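S.K.: One structure follows; several queries about it will come next.
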Amino acid sequence: MTDAVRATPVVAYVGLGSNLSDPAAQVRQAMAELNGLPESELLARSPLYRTAPVGPADQPDYVNAVVSLKTRLSPRGLLEALQAIERAHGRQRDGTRWGPRTLDLDILLYGDERLSEPGLQIPHPEMGGRAFVLVPLADVAPSGLRVPGLGTLADLIERCPREGIAPIPVG
Ligand code: A4P
Ligand code: MG
């Protein structure tokens, strides 16, 4: 585990996605695990959404959600913690880009930082045009939130077709 812990916490947003092995349960369980991350405090969880797959169409619908957390973990430390949770959910990487998965955890935003390193890009490079990210993000973030390099969340949502996404009733 990367030992970098920061003196000052930042607010980070994490996207959750699953389309295998009871996706809603995978996402709810992952939220509970995110609530237990070291050096971190879970601030808010969005509702769960059923979403049509982006990428290969011959895969089940996804369940997506977003959480906000206050964390002192570095970006790399947070990524490693998220990957440990993915592994615990039996995530197999078979090399298929955008293929089915038991659990995908993406760092969407880390404060107002921009990072482009091997294996870690923040903001998440695909987030600007994805309703399955932007809609739940807007549930837990202020609409004036700035996505570094892309503008405000409100502007991004306005430009993004809200198709193939439906809230899952609580219960
Ligand atoms: N990586 C780089 N930046 C980040 C970041 N900000 N957060 C690296 C997390 N990981 C980041 O990811 C590949 C590598 O991305 C990791 O090793 C990490 O170092 P992965 O999870 O192994 O592979 P992937 O998820 O298949 O690839 P990718 O390109 O990250 O896919 P996405 O963008 O996550 O998209 N349709 C619906 N409806 N809902 C979904 O959730 N998800 C995807 C996957 C496709 N279609 C979907 C959904
Ligand atoms: Mg991913």
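The values are calculated or read from the model by the stated rules, or taken from the named source; none is laboratory data. Remember, predicted model here, so these are calculated numbers, not experimental data. Neighbour counts are summed over all protein chains in view; Cβ atoms, including those assigned to glycine, are modelled from backbone coordinates with ideal geometry. Just so you know, the surface numbers come from the protein's heavy atoms only, side chains and all, with ligands and any DNA or RNA stripped out. Shrake-Rupley method; radii C 1.70, N 1.55, O 1.52, S 1.80 Å.
S.K.: At least 2 residues that are within 8 Å of ligand 1 (Cβ to nearest atom) in each: list the strands (runs of 3 or more DSSP E) lying fully within region 95-147 that qualify.
M.R.: 104-110, 120-122
S.K.: On the basis of being assigned to a strand (DSSP E or B) and under 14 Å from the mean Cα position of the chain (by Cα), does L79 make the cut?
M.R.: Against the criterion (assigned to a strand (DSSP E or B) and under 14 Å from the mean Cα position of the chain (by Cα)), L79 does not qualify.
S.K.: For G17, only one of the following conditions fails: (1) within 14 Å of ligand 2 (Cβ to nearest atom); (2) open to solvent by 10 Å² or more (accessible area, probe 1.4 Å); (3) small (G, A, S). What is its number?
M.R.: Condition not satisfied by G17: (2).
S.K.: Please find, among G55, G77, the residue that is near ligand 1 (Cβ under 8 Å from one of its atoms), out of contact with any His (no Cβ under 7 Å at 6 or more places or on another chain) and farther than 22 Å from A25 by Cα.
M.R.: Selected residue: G55, the only one of G55, G77 that is near ligand 1 (Cβ under 8 Å from one of its atoms), out of contact with any His (no Cβ under 7 Å at 6 or more places or on another chain) and farther than 22 Å from A25 by Cα.
S.K.: For the subset of region 126-149 comprising residues that are at pLDDT 95 or above and within 15 Å of ligand 2 (Cβ to nearest atom), which member is surrounded by the fewest Cβ atoms within 10 Å (Cβ to Cβ)?
M.R.: The qualifying residue surrounded by the fewest Cβ atoms within 10 Å (Cβ to Cβ) is R130.
S.K.: It is to be established whether one or more residues within region 151-160 are farther than 25 Å from P56 by Cα, among the aliphatic types (A, V, I, L, M), open to solvent by less than 20 Å² (accessible area, probe 1.4 Å) and in contact (Cβ under 8 Å) with a residue 12 or more places away in the chain.
M.R.: Yes.
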